[in-house]
Amino acid sequence: MPFPSQLAQVPPPDEAGCPDAGRARMPAHVAIIMDGNGRWAAARGLPRVEGHRRGVVALRRAVRAADAMGIRYLTVYGFSTENWRRPAEEVADLFGLLRIFIRRDLAELHESNVRVRVIGDRAGLDEDVVALLDEAQDLTRRNTGLTFVVAFNYGGRQEIARAARALARLVRAGQLDPEAIDVDLLGSVLDTRDFPDPDLVIRTSGEVRISNFLPWQTAYSEFVFLSEHWPDFDEATLRGAVEQFLRRDRRFGGRNARAV
């Protein structure tokens with residue numbers, strides 16, 4: 001997929017040992033914390049639910065843009081375990097928008113060869129919501145294009161705790177030596193075990209924190225924090241964030257060829 005002019009100016013990484021060996025490659029996996037729907041609405045004198053509705057429109061743009069750019073995995077923070085603390089009316093609005101998004105957009109995602117995956121805890125979700133999430137995954141399971149991952153009712157610390165409990169049960173049953181537990185084994189029982197770790201994490205609306213989003217998986221991710229509220233996010237915004245990523249040196253704790 002060709003890049004726009006500003007990205008085309010960023011030289012591709014050279015082979016190891018060449019001057020640009022540390023230059024980042026096109027991100028295979030981009031994760032987004034979609035923030036600022038309420039502030040976007042408040043700035044325009046609109047109800048919060050209108051901000052969430054416009055956020056869904058921005059999500060559609062983001063999925064299409066990621067697919068067009070050749071990004072292989074796009075993960076979005078759809079609903080966190082902490083979002084239950086919001087007013088009941090707002091939570092109901094968010095779930096209503098999820099229902100609308102799946103019913104309206106699933107056919108287009110499927111036709112576009114997008115594979116939908118959902119991570120997070122199913123406990124506490126209404127049966128019809130669980131059924132919609134399952135339908136989205138089942139329908140698109142064999143698709144080979146962009147993998148669109150929705151973190152829904154998701155909390156990173158809770159995910160790690162679930163993984164630890166799963167391994168503890170194996171130890172208790174005598175099926176696992178606790179000394180065999182390492183980073184790779186723990187990662188193999190996380191919700192994200194089928195995906196590579198995010199290369200790039202984007203957060204909108206000027207907040208500079210991860211808010212319990214993929215804390216294990218983002219240990220070596222690059223972060224881009226944007227001032228734009230989520231409803232204003234579009235293809236140009238995504239390409240600008242990727243441009244920042246491409247200009248960075250990723251050393252993963254080591255030194256690249258340019259380090260002195």
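Does Ala163 fit the bill of being exposed (fewer than 14 other Cβ atoms within 10 Å of the Cβ) and either free of Cβ contacts under 8 Å to residues at least 12 places away in the same chain or over 22 Å from Ala66 (Cβ atoms) (or both)? Answer is no for this residue. Here the condition is being free of Cβ contacts under 8 Å to residues at least 60 places away in the same chain, out of contact with any Cys (no Cβ under 6 Å at 6 or more places or on another chain), assigned to a loop (DSSP other than H, G, I, E, B) and surrounded by 15 or more Cβ atoms within 10 Å (Cβ to Cβ); of Asp121, Asp105, Asp93, it holds for Asp121 alone. What number of residues within the range 7-53 satisfy the criterion of being modelled with pLDDT of 95 or more, under 19 Å from Asp199 (Cβ atoms), part of a loop (DSSP other than H, G, I, E, B) and hydrophobic (A, V, I, L, M, F, W, C)? Of the residues in that region, 2 qualify.
Return yes or no: is Val116 aliphatic (A, V, I, L, M), under 18 Å from Val57 (Cα atoms) and without any contact (Cβ under 8 Å) to a residue 60 or more places away in the chain? Answer is yes for this residue. For the range 127-150, check the following and say yes or no: at least one residue is closer than 21 Å to Leu190 by Cα, touching a Gly at 6+ places or on another chain (Cβ under 7 Å) and crowded, with 18+ Cβ neighbours inside 10 Å. Within the range 127-150, one or more residues are closer than 21 Å to Leu190 by Cα, touching a Gly at 6+ places or on another chain (Cβ under 7 Å) and crowded, with 18+ Cβ neighbours inside 10 Å. Close Cβ contacts (under 9 Å, 6 or more residues apart or on different chains) running from residues in the range 235-257 that are under 19 Å from Ala65 (Cβ atoms) and modelled with pLDDT of 95 or more to residues that are β-branched (Val, Ile, Thr) and part of a loop (DSSP other than H, G, I, E, B) comprise Thr237/Thr204; Leu238/Ile71; Val242/Ile71; Glu243/Val10; Leu246/Val10. For the range 155-176, the count of residues that are under 30 Å from Arg248 (Cβ atoms), assigned to a loop (DSSP other than H, G, I, E, B) and within 18 Å of the chain's Cα centre (by Cα) is at least one.
For the range 106-136, what are the residues that are polar (S, T, N, Q) and within 21 Å of Gly156 (Cα to Cα)? None - no residue of the range 106-136 is polar (S, T, N, Q) and within 21 Å of Gly156 (Cα to Cα), so the list stays empty. Test Phe223 against the criterion of being out of contact with any Ser or Thr (no Cβ under 6 Å at 6 or more places or on another chain), touching a residue at least 24 places away in the same chain (Cβ under 8 Å) and aromatic (Phe, Trp, Tyr), and give yes or no. It is false that Phe223 is out of contact with any Ser or Thr (no Cβ under 6 Å at 6 or more places or on another chain), touching a residue at least 24 places away in the same chain (Cβ under 8 Å) and aromatic (Phe, Trp, Tyr). Only residues that are of a type in the set (Val, Ile, Thr) and either assigned to a loop (DSSP other than H, G, I, E, B) or modelled with pLDDT under 95 (or both) were counted in the range 57-90, giving 2.
Could you look through the range 208-247, keep only residues that are among the basic types (Lys, Arg) and in a loop (DSSP other than H, G, I, E, B), and pick out the one that is nearest to the chain's Cα centre (by Cα)?
Here is the first cut: in the range 208-247, the ones among the basic types (Lys, Arg) are 209, 239, 247.
If we keep only those that are in a loop (DSSP other than H, G, I, E, B) too, we end up with 209, 247.
Details: Arg209: 15, Arg247: 21 Å.
The extreme case among them is Arg209.
The values are calculated or read from the model by the stated rules, or taken from the named source; none is laboratory data. Note that the structure is a prediction, hence the values are computed from the model and not measured. FYI the Cβ positions are ideal-geometry reconstructions off the backbone, even for glycines, and counts take in every protein chain you see.
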